[in-house]
1. If the requirement is being of a type in the set (Phe, Trp, Tyr) and modelled with pLDDT under 95, which of these qualifies: TYR106, TYR64, TYR123, TYR87?
2. With the checklist (1) over 24 Å from TYR55 (Cβ atoms); (2) in contact with a Phe, Trp or Tyr (Cβ under 9 Å, 6 or more places away or on another chain); (3) surrounded by fewer than 17 Cβ atoms within 10 Å (Cβ to Cβ) in hand, flag the one item THR146 doesn't pass.
3. Could you tell me which numbered condition SER134 fails, if it satisfies all but one of (1) under 24 Å from ASP43 (Cα atoms); (2) free of Cβ contacts under 8 Å to residues at least 60 places away in the same chain; (3) touching a helix residue (DSSP H, G or I) at 6+ places or on another chain (Cβ under 7 Å)?
4. Quick check on ASP140: is it in contact with a Gly (Cβ under 8 Å, 6 or more places away or on another chain) and at pLDDT 95 or above?
5. State the number of residues belonging to the range 58-93 that are without any contact (Cβ under 8 Å) to a residue 60 or more places away in the chain and closer than 20 Å to LEU30 by Cβ.
6. Could you grab me the full set of residues in the range 55-104 that are of a type in the set (Lys, Arg) and closer than 22 Å to GLY130 by Cα?
7. Quickly run through the range 112-138 and pick out the residues that are surrounded by fewer than 18 Cβ atoms within 10 Å (Cβ to Cβ) and in contact with a strand residue (DSSP E or B) (Cβ under 8 Å, 6 or more places away or on another chain).
8. Take the residues in the range 142-159 that are of a type in the set (A, V, I, L, M, F, W, C) and within 16 Å of the chain's Cα centre (by Cα), then tell me which one is nearest to TYR196 (Cα to Cα).
Amino acid sequence: MKRVILYSILVFGAIALLPTLLWAEDTDSLRYMELLARIKKMDTTVSFTEWRYTYAKAAMYSPYGRDYDVMKKVKEMMGAKKYKELYPILLAALENNYTDVDLHYYALIVSKQIDSTSKETQYHRWIVMGIYESITKSGDGTTPETAMQVITTAEEYFWLGMNGLNTTQQALSHSGGHALDVMSVVDEDNNSSKYYFNVDRLFSSMNKMFKSKKDKK
């Protein structure tokens with residue numbers, strides 16, 4: 001009986017350690033987890049740029065893996081003003097991708113509606129502004145050469161929205177060996193302009209995914 005119990009402990013212990021073992025040689029994933037732990041503790045010395053870029057190199061990076069059913073539910077509950085019920089749903093969704101700026105933005109709105117002075121409100125505001133400033137500092141986005149660096153298309157729309165810009169057209173372009181999203185926008189006064197976002201990280205992830213599927217055939 002003791003042998004059975006010991007065997008079970010060893011088996012379940014190995015299963016629990018499997019993700020860590022798989023990432024043992026993946027320094028990017030390990031570094032991301034280290035940075036994530038600091039983010040969750042609201043370590044103000046952390047670099048949001050390093051956190052975002054490291055996630056884009058990590059094994060769990062999935063720029064196209066958003067759960068749109070969850071996003072639909074979030075928007076419905078926001079409309080119904082079910083803030084207290086929604087907040088834990090947002091936290092659970094964030095565990096799939098803690099860099100998802102839209103989820104943090106919704107969490108900021110929700111926590112602000114519940115209690116604008118709460119630590120949760122301060123925390124999500126810190127993350128939202130940290131990601132915004134990280135994108136802003138990566139380039140001015142007015143030319144292909146000064147394109148802003150993003151790790152998801154959601155970051156593009158987030159940045160534009162934060163600057164009061166509405167997208168009228170999105171186009172894919174290439175310049176200088178880089179993949180770019182070209183966003184045609186209008187401001188509140190209906191003035192039109194274009195912004196460039198570097199999407200190399202997204203395309204690299206997509207190519208790896210296709211290569212992996214091809215190798216399995």
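The values are calculated or read from the model by the stated rules, or taken from the named source; none is laboratory data. Remember, predicted model here, so these are calculated numbers, not experimental data. Cβ: placed from backbone, ideal geometry, glycine included. Neighbour counts: every protein chain shown.
1. Selected residue: TYR64, the only one of TYR106, TYR64, TYR123, TYR87 that is of a type in the set (Phe, Trp, Tyr) and modelled with pLDDT under 95.
2. For THR146, the failing item is (1).
3. Tallying (1) under 24 Å from ASP43 (Cα atoms); (2) free of Cβ contacts under 8 Å to residues at least 60 places away in the same chain; (3) touching a helix residue (DSSP H, G or I) at 6+ places or on another chain (Cβ under 7 Å), SER134 fails exactly one: (2).
4. So ASP140 does not fit the description; no.
5. Looking only at that region, the number is 3.
6. LYS57, ARG66
7. THR136
8. MET148
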